[in-house]
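Undergrad: Dumping the structure here so I can ask a few things about it.
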Amino acid sequence: MILTAIGIAITLLGIFLLIYGLVETPDFEQTPDYSLDEVMDEWNKVEETRKKEKERKVDFGGVVMIGPIPIVFGSDRKAAMLAMVLAILLMLLAMLTFAVYLK
């Protein structure tokens, strides 16, 4: 009963904060003035950061389970295999959890 009340209270608080965030207007009058030199310096820093980020290579992988059918995807074979192994481990953990729960 107490957990239900806490859940309802948190949900109502979230709805209130969402509505308050939509209704409350930000104060744009205090926006600082920037000189052209400051803006160009910041722009150059951003461009240097983008060049460094382009040099990095990010690998990704994932598994989408549609019923018993796994759909494995990834940026390369290694990432896809890692995602598949982790998905198999999670499925085994879920089966073990259900087996212990049903005893």
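Undergrad: I'd like to check something: does region 78-88 contain any residue that is among the basic types (Lys, Arg) and surrounded by 10 or more Cβ atoms within 10 Å (Cβ to Cβ)? Break it down stepwise before answering.
TA: Step one: of region 78-88, the residues among the basic types (Lys, Arg) are 78.
Filter again for surrounded by 10 or more Cβ atoms within 10 Å (Cβ to Cβ), leaving 78.
Yes, there is a match, as at least one residue in region 78-88 is among the basic types (Lys, Arg) and surrounded by 10 or more Cβ atoms within 10 Å (Cβ to Cβ).
Undergrad: With respect to GLU42, is the statement that it is more than 19 Å from the chain's Cα centre (by Cα) and either in a strand (DSSP E or B) or surrounded by 10 or more Cβ atoms within 10 Å (Cβ to Cβ) (or both) true?
TA: On the way: more than 19 Å from the chain's Cα centre (by Cα): yes; either in a strand (DSSP E or B) or surrounded by 10 or more Cβ atoms within 10 Å (Cβ to Cβ) (or both): yes.
Here the answer is yes, as GLU42 does meet what is asked.
Undergrad: Take ASP59 and decide whether it is of a type in the set (D, E, K, R), modelled with pLDDT of 80 or more and within 22 Å of the chain's Cα centre (by Cα). Before you say what the answer is, go through the steps one by one.
TA: Values: of a type in the set (D, E, K, R): yes; modelled with pLDDT of 80 or more: yes; within 22 Å of the chain's Cα centre (by Cα): yes.
Spelling it out, ASP59 is indeed of a type in the set (D, E, K, R), modelled with pLDDT of 80 or more and within 22 Å of the chain's Cα centre (by Cα).
Undergrad: Just checking, how many residues over region 1-39 are β-branched (Val, Ile, Thr) and either in a loop (DSSP other than H, G, I, E, B) or modelled with pLDDT under 90 (or both)? Break it down stepwise before answering.
TA: Restricting attention to region 1-39, the residues satisfying the condition of being β-branched (Val, Ile, Thr) are 2, 4, 6, 8, 10-11, 15, 19, 23, 25, 31, 39.
Within this subset, residues satisfying the condition of being either in a loop (DSSP other than H, G, I, E, B) or modelled with pLDDT under 90 (or both) are 23, 25, 31, 39.
So the count comes out to 4.
The values are calculated or read from the model by the stated rules, or taken from the named source; none is laboratory data. Here the structure is a predicted model, which is why all the values come from computation and not from measurement. For neighbour counting, all protein chains shown are included, and Cβ atoms are generated from backbone atoms with ideal geometry for every residue, glycine included.
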